Amino acid sequence: MKMNIVYKAMTGVLLLCAGTAAMAWAQGGDLSLLQSIDRGMWQLRAVGGGPSGASVNQICVGDPIKLTQIQHGTALCEHYVVRSSPTAVTVSYSCKGAGQGLTTIRKESGKLIHIQSQGIRNNSPFSFAVEGRYTGAC
């Protein structure tokens, strides 16, 4: 009898947890904007308040989700879509033991994006804005 009550209580807790997880996932939105970004070489140039002739970085994009965590490179991170629209997506991410960030990617065309990101890496804050231009295959 006592085991039956415990079993029913555990079943209720599991159902509640599953429902909460499903709601959290549904609130997150989708990553379809990222999936529409071309794979290949992207040139990233700092924008907004930087010196003229700011440095240009190149990044080979195989998986566009990596554009959300530029400061964390290839670290394994969990991503949560905070907001998404047909032209922009905001993603919060956490990299266990390496830091976290919040990134907004705005897509102007298949060859031009804007990335704003801020967060913590190696216990230090970062914040940047770049314009990304697709330059071709890696």
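On the basis of being among the hydroxyl-bearing types (Ser, Thr, Tyr) and under 17 Å from the mean Cα position of the chain (by Cα), does TYR80 make the cut?
Yes: the conditions hold for TYR80.
What strands (runs of 3 or more DSSP E), lying completely within the range 83-138, carry at least 3 residues that are loosely packed, with under 12 Cβ neighbours inside 10 Å?
Filter on the range 83-138 gives 124-136.
Pick out the one residue from VAL61, VAL82 that is within 15 Å of SER32 (Cα to Cα) and among the aliphatic types (A, V, I, L, M).
Numbers: VAL61 fails: within 15 Å of SER32 (Cα to Cα).
Result of the check over VAL61, VAL82: VAL82.
Does the range 94-104 hold any residues that are closer than 14 Å to GLN71 by Cβ and in contact with a Leu (Cβ under 8 Å, 6 or more places away or on another chain), and which are they?
Within the range 94-104, CYS95, THR103 meet the criteria.
A short reminder: the numbers here are calculations on the coordinates, not readings from a lab. On a predicted model such as this, the values are computed, not experimentally measured, just so you know. All Cβ positions, glycine included, derive from the backbone under ideal geometry; neighbour counts span all protein chains shown.
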